[in-house]
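Structure first, then comments.
What follows draws every value from the coordinates through simple rules; no lab data is involved. Because the structure is predicted, anything quoted here is derived from the model rather than measured. Here the Cβ is made from the backbone with ideal geometry for all residues, glycine too, and neighbour counts use every protein chain on show.
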Amino acid sequence: MKSSNEFMLLFRFEPNFNYQPSAEEMAQMHQQWGSYIGGLAIQEKLVGTHQLGFEGVKVSADQSVNDGIVIAENQTLGGNMVVKANSLAEAVEIAKGCPILMMGGNVEVRNILPM
């Protein structure tokens with residue numbers, strides 16, 4: 001199956017439910033994300049992005065439902081972004097500018113296969 005020129009960036013971080021950022025810290029984070037996303041949009045590299053909340057359930061193969069989000073290796077998925085890039089290397093360069101990295105998180109870059 002042929003890959004498209006779109007790549008998904010998956011944002012992971014270690015949640016700290018005991019820490020509440022100050023209003024100034026929140027404003028700074030919003031400004032950083034706005035600049036990052038806006039810059040990609042101006043370059044026509046942004047396809048779409050989503051931030052994930054902390055409410056959720058997990059549905060298993062046996063049809064059981066468990067409350068809560070998945071935290072593996074002390075990290076959870078915080079959101080995603082689909083970008084246009086000519087190669088995986090270019091998508092990695094886009095990921096290197098992501099504000100989640102300044103928060104100690106990481107970005108997984110994956111190619112997208114059409115279905």
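Summary of computed values
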{"item": "Given charges at Cβ of Lys, Arg, Asp, Glu: the chain dipole, positive-most of Leu113, Gly68, Pro15", "result": "Leu113"}
{"item": "Number of Lys pairs (Cα under 27 Å; 8 or more positions apart or on different chains) in the chain", "result": "6"}
{"item": "Approximate spin-label separation Glu93-Asn5, in nm, with each point projected 7 Å along Cα-to-Cβ", "result": "1.4"}
{"item": "Theoretical ellipticity at 222 nm over the chain - DSSP helices of four or more residues, -39500 (n - 2.57) apiece, nearest 500", "result": "-8000 deg cm²/dmol"}
{"item": "Charge sum, other residues only, whose C-beta stays under 13 Å from Ala72's C-beta, Lys/Arg counted +1 and Asp/Glu -1", "result": "-1"}
